[in-house]
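The values are calculated or read from the model by the stated rules, or taken from the named source; none is laboratory data. Not measured: the values here are computed from a predicted model. We place every Cβ from the backbone using ideal geometry, glycine too, and count neighbours over all the protein chains shown.
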Amino acid sequence: MRPVLRRLALGLAAAFWASPGLAAPPYETDDPEPTEIKHWEIYSFVTADGRRSEVDGTAGFDFNYGPVTDVQLTATLPAAFAHSSADGWRTGTGDLELGVKYRFAHDEKRGFAAAVFPRVILPTSSNGLGGTRTRLLLPLWLQKDFGPTSLFGGGGYEINPGPGNRDFWQAGLALTHDFDDRLSMGVEFSYQTRDAAGGASAAGVNAGLIRKLGGPFSLLIAGGPSLSGGKASYHSYLALALNY
């Protein structure tokens, strides 16, 4: 049975994937801010989730484009890998994710924004490294800014068909602070109800960092522990972002 955190990471987008001027990465909690109009945000990322020798992860690209005001188009193309003491290492393609973010409320004066970000997760994986049915995530994300500090979060419902699977709810809350125009740090809390028969809910906490490098590049790092069914595990995320 796959670790709960891997399914959480695949379901969120993440990309999955919040930062000033960026989309959700490196956090699992999303924000309502879309990619700027006629601009791209591209993340080359790797994630890993697991406990001891049991590891599930993805590596690939997250593409985001702003075609019109308040709209973001997203496509996540991952490869996947896993390790267990019983099966050793397995690699293959991951599940393709497609989404559209629509920011329907944006009050700059009060620092408030809200958006929906439905995502479809297609069963394109190989070697047993993903789902077997098409899934649909229906979230709502809210944000309130206090100068250089942002509080954002929300969550949604994932339709998760397949033998032994259960539809589930997930939620997250993140707090970030811009120390200057090059460095942002934050912390997030996440929760997910059980997504499989006989499974358990999961709760986790992550710390994240975004450091702008030279030109259009940024380094994104996040990670932290999670608890599910009385067992502790970890989540980690590393990405190089290109914004232009």
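General observations
- The range 33-59, subset assigned to a loop (DSSP other than H, G, I, E, B) and surrounded by fewer than 24 Cβ atoms within 10 Å (Cβ to Cβ), residue nearest to the chain's Cα centre (by Cα): 35
- The listed residues are 53, 84, 44, and the only one of them that is touching a strand residue (DSSP E or B) at 6+ places or on another chain (Cβ under 6 Å) and more than 30 Å from residue 150 (Cβ to Cβ) turns out to be 84.
- The number of residues in the range 121-180 that are over 23 Å from residue 78 (Cβ atoms), among the aliphatic types (A, V, I, L, M) and in contact with an Asp or Glu (Cβ under 7 Å, 6 or more places away or on another chain) comes to 1.
- Residue pairs whose Cβ atoms lie under 6 Å apart, sitting 6 or more positions apart in sequence or on different chains, and linking a residue in the range 90-116 that is under 28 Å from residue 146 (Cα atoms) to a partner that is part of a loop (DSSP other than H, G, I, E, B), are 101/34; 101/117; 103/32; 103/34; 103/70; 113/32; 114/32; 115/32.
- Inclusion of residue 32 among residues that are over 17 Å from residue 237 (Cα atoms), of a type outside the set (Asp, Glu) and at pLDDT 95 or above is warranted.
- Looking only at the range 60-98, and only at residues there that are of a type in the set (D, E, K, R) and not in a strand (DSSP E or B), the one that is farthest from the chain's Cα centre (by Cα): 87
- So residue 186, is it exposed (fewer than 14 other Cβ atoms within 10 Å of the Cβ), small (Gly, Ala, Ser) and in contact with a strand residue (DSSP E or B) (Cβ under 8 Å, 6 or more places away or on another chain): no
- Within the range 136-244, strands (runs of 3 or more DSSP E) holding 3 or more residues that are of a type outside the set (D, E, K, R) and closer than 22 Å to residue 114 by Cβ: 149-159, 168-178, 183-192
- The requirement of being part of a strand (DSSP E or B) and out of contact with any Cys (no Cβ under 6 Å at 6 or more places or on another chain) is fulfilled somewhere in the range 121-132, by at least one residue.
- Residue tally, condition assigned to a strand (DSSP E or B) and either buried (at least 17 other Cβ atoms within 10 Å of the Cβ) or not aromatic (Phe, Trp, Tyr) (or both), over the range 99-120: 13
Every residue, every condition in (1) crowded, with 16+ Cβ neighbours inside 10 Å; (2) modelled with pLDDT under 95; (3) touching a Gly at 6+ places or on another chain (Cβ under 9 Å), yes or no:
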| site | (1), (2), (3) |
| --- | --- |
| 122 | no, no, yes |
| 126 | no, no, yes |
| 137 | yes, no, yes |
| 146 | no, no, yes |
| 153 | yes, no, yes |
| 157 | no, no, no |
| 163 | no, yes, no |
| 167 | no, no, no |
| 172 | yes, no, yes |
